[in-house]
Amino acid sequence: MQKLVIDGGKMLKGELKTQGAKNAVLPVLAAAALCDGKVRLSNCPSISDRYGAIRILTRLGARVTGGAGSELTVDCSGLAEFPEIDDNLMRTMRSSIIFMGAALGRRGRCTLCYPGGCDLGPRPIDMHISALKKMGAVINDEHGRIECYAPDGLSGCKISLSFPSVGATENIMLAAVTAKGETVISNPAREPEIGCLADFLRSCGAHIKGDGGGRIVIEGVEELSQPEGEVFSIIPDRVAAATYLSAVICAGGELMLTDCQPSHMEAVIPVFEAMGAYIRCFKSNIYIQSTGRPRSCDTIRTMVYPGFPTDAQAVIMSALTCSVGTTVFVENIFESRYRHAAALCRMGADIRAEGKVAVVTGVPELYGASCEAPDLRGGAAIVCAALGAQGRTEILRTEYIDRGYESIEKALSSLGADIYRV
Ligand code: EPZ
């Protein structure tokens with residue numbers, strides 16, 4: 001089992017290219033299974049979840065080339081019957097569930113099991129299932145195995161989501177683009193990753209409008225394929241960007257983040273400003289400088305986009321552990337997303353988490369400790385905190401962190417951090 005070793009106290013300085021978005025490349029890879037032909041993707045992050053999605057595509061008969069670089073070519077021409085997506089493939093990540101919509105859209109049937117993913121509390125898929133049933137899918141869901149098929153093909157319909165679920169919105173989009181007739185999704189997710197998926201599907205001939213708003217309208221087409229020679233670029237990862245900005249608050253120093261999209265971070269940037277950091281946003285870069293203890297913030301409530309993103313909650317909490325004052329967090333999206341608080345407290349933080357609420361009272365400094373990453377973003381939060389802590393921190397379960405961050409130790413070492421992997 002690998003671990004990260006961090007000797008805190010080194011300030012950060014330099015420039016870092018923002019990786020492609022994990023939560024955009026995964027649905028786009030699932031969407032590639034809908035295309036009868038080759039699609040070419042660029043700015044794909046080299047993270048383990050990408051390889052999980054490629055293993056599923058390969059299992060379905062796709063040919064994927066591109067190695068570890070940021071370019072990928074996925075050829076799904078002549079895809080035969082979708083064989084069962086086995087357990088160990090499905091359990092590697094939550095986003096495997098959106099292969100259900102793609103399989104139904106392409107072949108009208110699939111067998112898979114409940115997805116895996118970070119343990120953030122219950123992560124049901126009731127909205128996914130009920131929407132696809134409404135489109136004509138027959139879904140047998142027994143003992144964690146899901147068999148679904150659409151004997152008469154899928155038909156467009158009106159779907160109103162009780163909660164703007166990102167995954168459910170993506171699954172419906174993937175099922176609707178080749179369904180018969182029109183699908184209207186009311187109260188869809190508005191995250192930038194939804195827009196990226198819609199842009200990719202449109203580049204393959206889908207008729208989609210309204211993404212990013214309160215109503216997405218999709219007119220089904222016969223089949224999808226990407227024009228020869230077209231390369232689709234994955235949007236930058238707004239959560240990875242927030243992570244490295246938080247690292248600067250924790251360690252002190254300055255950073256120019258390049259190839260990012262500040263317009264996707266309008267709920268996050270003001271939090272760094274409230275902390276007292278010097279931050280400037282340009283078209284596709286963000287510059288941040290911070291020294292000394294940050295100020296505490298007013299209550300931070302996680303909301304669906306364009307509100308403050310739940311995925312940035314953990315790393316922002318790390319940034320505030322040594323603030324002057326107290327900050328209250330309210331986690332409104334997941335039931336159990338404070339598992340990183342225990343590790344931060346082991347490092348000397350003063351955090352009291354109860355249900356949806358966590359109260360962070362700033363302390364003068366943190367101390368290195370031996371910790372386990374509880375999940376992807378919690379692991380990243382411990383890395384950030386360790387950068388500013390006195391002494392050595394060892395972090396186990398790095399596989400969680402590797403699911404969403406491209407070689408986090410190389411990125412931080414390039415900025416002067418004393419971090420390595422053993
Ligand atoms: C996506 O997860 C992201 N993952 C998550 O990022 C992100 O935190 C989340 O959206 C919210 O933005 C990927 O895109 C791969 P949801 P998803 O469906 O689709 C409940 C990360 O760290 N719900 O919007 O699973 C659910 O339990 C990951 O990068 C139902 O009740 O999120 C949760 O409480 C973590 N029934 C809430 O909705 C359903 O059928 C939000 O879930 C579906 C969801």
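I'd like to check something: does segment 298-312 contain any residue that is touching a Leu at 6+ places or on another chain (Cβ under 8 Å) and either in the same structural domain as residue 166 (by TED's automatic domain parsing) or more than 16 Å from the ligand (Cβ to nearest atom) (or both)?
no
Report those strands (runs of 3 or more DSSP E) wholly inside segment 300-406 carrying at least 3 residues which are of a type outside the set (Asp, Glu).
Working: elements: 326-330, 350-354, 357-361, 370-372, 392-396.
Here the list reads 326-330, 350-354, 357-361, 392-396.
Any residue in segment 138-153 that is touching a residue at least 24 places away in the same chain (Cβ under 8 Å) sitting within a Cβ distance under 8 Å of a residue that is in a loop (DSSP other than H, G, I, E, B) and of a type in the set (Phe, Trp, Tyr)? List the pairs, counting only those 6 or more apart or interchain.
So the pair list comes out as 144/114; 146/114.
What residue, among those in segment 124-135 that are in contact (Cβ under 8 Å) with a residue 40 or more places away in the chain and assigned to a loop (DSSP other than H, G, I, E, B), is surrounded by the fewest Cβ atoms within 10 Å (Cβ to Cβ)?
Going residue by residue through segment 124-135, those that are in contact (Cβ under 8 Å) with a residue 40 or more places away in the chain are 125, 127-128, 131-132, 135.
Then drop every residue that is not assigned to a loop (DSSP other than H, G, I, E, B), which leaves 125, 135.
Numbers: 125: 19, 135: 23.
The extreme case among them is 125.
Take the residues in segment 407-422 that are within 22 Å of residue 311 (Cβ to Cβ) and assigned to a helix (DSSP H, G or I); name whichever of them is most open to solvent (accessible area, probe 1.4 Å).
Ranking the qualifying residues of segment 407-422, first place goes to 410.
Is it the case that segment 185-196 has a residue that's away from the ligand (no atom under 16 Å from the Cβ) and either open to solvent by 20 Å² or more (accessible area, probe 1.4 Å) or aliphatic (A, V, I, L, M) (or both)? Spell out the reasoning first.
If we filter segment 185-196 for residues that are away from the ligand (no atom under 16 Å from the Cβ), which is where we start, we get none.
No - not one qualifying residue is present in segment 185-196.
Output yes when any residue across segment 213-221 is crowded, with 23+ Cβ neighbours inside 10 Å and not hydroxyl-bearing (Ser, Thr, Tyr), and no when none is. Walk me through how you get there before you give the answer.
Residues of segment 213-221 that are crowded, with 23+ Cβ neighbours inside 10 Å, as a first pass: 216, 218.
Of the ones still in play, those that are also not hydroxyl-bearing (Ser, Thr, Tyr) are 216, 218.
The answer is yes, given that some residue of segment 213-221 is crowded, with 23+ Cβ neighbours inside 10 Å and not hydroxyl-bearing (Ser, Thr, Tyr).
Considering only segment 276-297, state which residues are in contact with a Lys or Arg (Cβ under 8 Å, 6 or more places away or on another chain) and either open to solvent by 90 Å² or more (accessible area, probe 1.4 Å) or within 14 Å of the ligand (Cβ to nearest atom) (or both).
none
Between a residue in segment 263-287 that is under 15 Å from residue 244 (Cα atoms) and any residue that is basic (Lys, Arg) and crowded, with 17+ Cβ neighbours inside 10 Å, which pairs come within a Cβ distance under 7 Å, given they are 6 or more apart or on different chains?
265/238
Looking only at segment 120-134, count every residue that is near the ligand (Cβ under 8 Å from one of its atoms) and in contact with a Lys or Arg (Cβ under 9 Å, 6 or more places away or on another chain) and tell me the total.
Residues flagged as near the ligand (Cβ under 8 Å from one of its atoms) and in contact with a Lys or Arg (Cβ under 9 Å, 6 or more places away or on another chain) within segment 120-134 amount to 3.
Within segment 183-252, which strands (runs of 3 or more DSSP E) (wholly inside it) include 1 or more residues that are among the charged types (D, E, K, R) and in contact with a Pro (Cβ under 8 Å, 6 or more places away or on another chain)? Step through it out loud before you land on a result.
Working: elements: 207-209, 215-219, 231-233.
Filter on segment 183-252 gives 215-219.
Name the residue that is farthest from residue 251 (Cα to Cα), counting only residues in segment 321-340 that are within 16 Å of the ligand (Cβ to nearest atom) and among the aliphatic types (A, V, I, L, M).
As a first pass, look at segment 321-340 and keep what is within 16 Å of the ligand (Cβ to nearest atom): 329-340.
Now narrow it down to the ones that are among the aliphatic types (A, V, I, L, M): 330, 333.
Working: 330: 25, 333: 29 Å.
Looking at residues that are within 16 Å of the ligand (Cβ to nearest atom) and among the aliphatic types (A, V, I, L, M), I get 333.
How many residues does segment 86-116 hold that are open to solvent by less than 40 Å² (accessible area, probe 1.4 Å), more than 7 Å from the ligand (Cβ to nearest atom), modelled with pLDDT under 75 and not aliphatic (A, V, I, L, M)?
So the answer is 1.
The values are calculated or read from the model by the stated rules, or taken from the named source; none is laboratory data. Computed from a predicted structure; not experimentally measured. Cβ atoms come from the backbone with ideal geometry, glycine included; neighbour counts cover every protein chain shown. Ligands, DNA and RNA are stripped out before the accessible areas are found, and what is left, the full protein with its side chains, is counted by its heavy atoms. Shrake-Rupley method; radii C 1.70, N 1.55, O 1.52, S 1.80 Å.
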